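All remarks here apply to the structure that follows.
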Amino acid sequence: MHSWMEVLGQWHQGIVYPRWASLAQYGYGEARFIFYPPASWILGAALGAVLPWKVVPGAYVWVALTLSGCSMFLLGRRWLDRCDAIFAAVLYAANPYYILAVYWRSAFAELLAGALLPLLLLCVLGLDEEKWDAAIPLAFVVAGAWLTNAPAAVMVSYSLVLLASVVAVVRRSPRFLAYAALAVLLGAALAAFYIVPASYEQKWVSIGQVLAPGVRPEDNFLFTATNDLDHTRFNLLVSFMAAAEIAVLAVAAIRARRRLQYQSMLGWTLASWSLPVVLLMFSPSRTAWEHLPWLRFLQLPWRWLLCLNVSLALFIAIAWQRWFWRAGVYLSMLAVLLFASQRTQPPWWDNAAEVAKLLAQHRVGVGYEGADEYVPSGADPYDVSRDAPLVTEGAGTAHVQVHSWAPESKSFIVAVGQPGNLVLRLFNYPAWRVKVNGLAVETESQENTGQMLIPVQAGESQVQVTLERTWDRRVGGSVSGMAALGIAGLAVVRRKRARQS
């Protein structure tokens, strides 16, 4: 919610696509919006622009779950009758993992990414019929995953390789791998305006903190205990819920075998997708987590439940036709979640007063606690003073007149009696460019804190600090623009050919 509120505030200041979270780390800032995919914080800010903040989280959840239900209905309608497809959609939108994501984790970006996974399977199976035409919507799914949630994008990428390989083996044609490769390349190109800066600028921040103890894969396999009691309790809650889903999935897959004999491609893909997902949630798969590219950045192996629930919803809809059994299966999984929550870790939720407190922090401008992984390298947010002035000088005798202190630009006049360094209430980041009296100067970082140091001469100086659009952002934006134009041009050409034929 801090991100949503800050994005809305920057929109009001004319910044269409924020890059720097200026109120994070209590005003020292961090490069959050370069690394955190934009879809979730854009949606949250947009809802905050039209709704009271106390209802925005609920509205966001409603939108995300509705999109998940709609995408599952599109997938289910291809193989099921309308009634069964609606059941699969409702089950997917209210699956136990989603309930945990809403009421325990507040994993809003991950929740939104869940709407893409049924579309992923739908587009992969479409490769069997539409060939190259299906690669375009598949590319949009890949791009959507990258722009919504980075761990989900990793899962989508691995899942796409697996599912395309299954289709290629069953149809005995390697060309399906070429279709999938084209979709991956186009999807990455469409999302390049996010992927390129996030990849290149990782060396400028403490990105290694995303794999700190407690959020490493080895700490989060199912039924893994650590020295952190709260962490162990939550992991036990997730483990019981995952075990219940896996057990139901196994029974449903066995029961669904006969009905799937005339739909072998769907059965093969669901089974081939489910088995590796289940194995990756247990500790014997640790070698895969250590050696497969980018897999460790999922952090939490049980995140694969996001993919598993696609198979779960379809298998249950196919395996049990009677509503009595369907209700019984769902309630049994829900009972396990509720029982485990009472025995291990009950849910926790902000109330309206706490949301109002968050909003007050933004309106007053005091800032908020940020995320360690987005702090510039060498900076220590725990050593800075929350009461520090915006600009100060070592001797403390500087006279400062601040003209503007916007998220991506600062302007002020300072008068000092002798040459020295100005210390800003701002973490030094390589994308900041500083001019003193119209001339570019090199900045340094203060030892321990990482605050920006600006050298000035004696007398009055006019200082401008601007967050520059670095080359990686220009390259990423250009690639995305060319990919979008290329796809649009291809669509126009194919439409003209269709009319002529």
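Side notes on the structure shown:
- Counting only helices (runs of 4 or more DSSP H) wholly contained in segment 246-336, the ones carrying 2 or more residues that are among the polar types (S, T, N, Q), touching a residue at least 12 places away in the same chain (Cβ under 8 Å) and assigned by TED's automatic domain parsing to the domain that holds Ser68 occupy 264-279, 305-319.
- Segment 94-138 - residue that is on the phi < 0 side of the Ramachandran plot and charged (D, E, K, R) and, of those, modelled with the highest pLDDT: Glu110
- Yes/no for Leu222 being touching a helix residue (DSSP H, G or I) at 6+ places or on another chain (Cβ under 9 Å) and at pLDDT below 90: no
- The criterion of being surrounded by fewer than 15 Cβ atoms within 10 Å (Cβ to Cβ), assigned by TED's automatic domain parsing to the domain that holds Trp304 and hydroxyl-bearing (Ser, Thr, Tyr) does not hold for Ser239.
- Residues of segment 443-501 satisfying the condition of being farther than 30 Å from Ala139 by Cα, of a type in the set (S, T, N, Q) and surrounded by fewer than 14 Cβ atoms within 10 Å (Cβ to Cβ): Asn448, Gln457
- Any hit, segment 281-291, residues being aromatic (Phe, Trp, Tyr), within 20 Å of the chain's Cα centre (by Cα) and at pLDDT below 95: no
- Candidates Ala327, Ala317 - the one that is under 29 Å from Leu125 (Cβ atoms) and either under 23 Å from the mean Cα position of the chain (by Cα) or surrounded by fewer than 18 Cβ atoms within 10 Å (Cβ to Cβ) (or both): Ala327
- Within segment 357-405, tally of residues that are surrounded by 15 or more Cβ atoms within 10 Å (Cβ to Cβ) and part of a strand (DSSP E or B): 7
The values are calculated or read from the model by the stated rules, or taken from the named source; none is laboratory data. Here the structure is a predicted model, which is why all the values come from computation and not from measurement. No Cβ is skipped: glycine too gets one built from the backbone with ideal geometry, and neighbour counts run over all protein chains shown.
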